[in-house]
Amino acid sequence: MMKIAIVGAEDSVNKTYNILKNTNYNVTFFLKKEDQIKNTTKWIMQEEENFDGFFLTGIGIYHSLLKCEQASFNKPIAFLKRGAMSLIKTFWELKKTMSLKNLKIGFDIVEEQTFINICNEFSIKLENYYHQEYIFCKTENAYLKNYVDMYKNKKINCVLTSFGYIYKELKKLNIPVFRIQATNIEIEEEFKDLIYRIKLKRAEKNKIGVVILKINKNYMTTNILEERIFIEKMLIQYSKDIKGSVQSISADEYLLISNTELIKNDESLQSLFDIIDLCAKKHILVDIGIGEGSTVFNAEKNARKSLSFCKKEMENSIFISSDNEIKGPLFKKKELSLKIDNNLKQISENCKLNLSIIQTLNALQEKEMDYFFTSYELAKYLNITERSINRILKILIENNYVEEKKDTSKIGAGRPRRIFKFNF
């Protein structure tokens, strides 16, 4: 018997439960109804041990957990996405009370291109539209204020929202609002995925691995559909090789799940390198972040940590991250193993420097088995200018973590080079 908590806005939780309560899975459900996202995160963290998994009714709750430093789950989590089917159903509801002509719509969460495609497909004539894309740090009240201001200024005449809290507040203000709800099919498919993750968690002794491939939007050509088909074809084959699953998270992001050992073996890593190499030949810039953890949630969190390091490389790259180490860029001369420990965190806090800088400097010493470096060598590894590394070195010297020396081994005239000795 599995025990699963359905968490989210009241209307979404009720709908989800009514669809799933008669499924053939051996599951007991607990319903946690809360309209505001900020109130759900703490509850989930407190109740983790009481459930086998959590089924979240929206992306907002999931991402609020992802960005929470204290959140490190050992239980599987899945969330409902809003896509084309959800939006079509919302337009169907809108049609019952409003004309589909001269609409000025404000909407959120659903991708802008999906919205445009549906309007074109069903000949929905828009006078104007305003899209609030999902942003990690943006609060529900910020979304709400934007909608209210736009309505007062007559820039929109109705709202399509995925947020239960915003839906209720706009209703109180008598602003025409329609709820973007996941469809029955979408709910059932995501629930199957959660069941799969719970079974994987129970069956696997090894850690779970997540691979995230992210396309750099700034380097996407006009043939976006062609590029996606090209990438998806390779990822489908790769997912078969690692006996995993692949899903499209957004227009520029794919997520794959499997066993860590299958993802980390040499043949699998080489396959990923071949994928980014083929993308580079087509001038498509992609980053691949690999994460491992005891759950899909933890593995994804580590994979996104890997992606944050990829961004600094400015070229196709792969990083892999666990709870205590980040390694990459894989297959390149600059490859380093960055430790995650309290000593390095303390140095970062004392010097008010980014932790990744301290980790990279520490990893460089271990790789080269040396404590002496020039500013040029350090700047090259950190992908920054010598001027920037000199500012960093100045701070480290002031805090007694680095000593400046003169390179007396240089032969010939001229000033001796400045070299730096690390004390950590």
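As an exercise, use a Förster radius of 45 Å and the Cβ-Cβ distance of residue 404 and residue 233 to find the FRET efficiency, rounded to the nearest 0.05.
0.25
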| field | Per-residue [θ]222 nm for the chain (sum of -39500 (n - 2.57) over DSSP H runs n ≥ 4, rounded to 500) | value | -14000 deg cm²/dmol
| said: Going by amide H atoms built from the backbone, whose H comes under 5 Å of the H on residue 338, apart from near neighbours? | reply: 326, 327, 328
| query | Want the number for residue 23 to residue 354: 0.36 nm per residue separation, take away the alpha-carbon distance, what's left? | reply | 114.3 nm
| Residue of 339, 281, 75 that the Gaussian network model of the chain assigns the largest fluctuation, springs spanning Cα pairs under 10 Å | 281
| field | Option label - Rg/Rh (Cα atoms, Kirkwood Rh) computed here, alternatives (i) 0.97; (ii) 1.43; (iii) 1.03 | value | (iii)
| task | Note the full-extension length gain between residue 240 and residue 124 as 0.36 nm times their separation in residues minus their Cα-Cα distance, in nm to one decimal. | result | 37.7 nm
| query | Most fluctuating residue of 388, 258, 271 in a GNM of the chain with Cα springs under 10 Å: which is it? | reply | 388
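Restricting to bridges with both residues inside the chain, how much of the DSSP beta-bridge set is antiparallel, in percent to the nearest 5?
Given both bridge residues lie in the chain, the antiparallel proportion sits at roughly 55 percent.
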| task | Grab the beta carbon distance between residue 281 and residue 174, set R0 = 45 Å, and tell me the FRET efficiency rounded to 0.05. | result | 0.20
| task | Using θ = phi - 60° and the Karplus relation 6.51 cos²θ - 1.76 cosθ + 1.60, list the HN-Hα couplings for the stretch 377-385 in order, rounded to whole Hz, with x at every Gly or Pro. | result | 4, 5, 4, 5, 5, 8, 6, 9, 7
| field | Karplus (6.51, -1.76, 1.60) ³J(HN,Hα), θ = phi - 60°, over the stretch 335-344, in Hz, Gly and Pro reported as x | value | 4, 9, 10, 8, 7, 10, 9, 5, 5, 5
| remark: With a 25 Å threshold on alpha-carbon distance, the violating pairs from 138/264; 42/352; 264/421; 312/333; 3/192 are 138/264; 42/352; 264/421
| message | Give the residue list of GluC sites (Glu not before Pro) in the stretch 36-108 that are DSSP loop and have at most 16 other beta-carbon atoms within 10 angstrom. | response | 69
| query | How much length, in nm to one decimal, is gained on full extension between residue 369 and residue 315, taken as 0.36 nm per residue of separation minus their Cα-Cα distance? | reply | 16.7 nm
| message | Report the Cα centroid-to-centroid distance between the stretch 144-196 and the stretch 310-353 in angstrom, as an integer. | response | 39
| Point-to-point label distance, residue 253-residue 155, nm (Cα→Cβ direction, 7 Å offset) | 2.5
| query | Just in the stretch 54-126: which chymotrypsin sites (Phe, Trp or Tyr not before Pro) are loop by DSSP and have at most 16 other Cβ atoms within 10 Å? | reply | 122
| note | If each part is reduced to its alpha-carbon centroid, the stretch 363-380 and the stretch 239-290 end up apart, in Å, by 31
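Values quoted throughout were computed directly from the atomic coordinates according to the rules given, and no laboratory measurement underlies them. Everything quoted here is computed from the prediction, not taken from an experiment. Cβ coordinates were reconstructed from backbone atoms using ideal geometry, including for glycine residues, and neighbour counts include every protein chain displayed.
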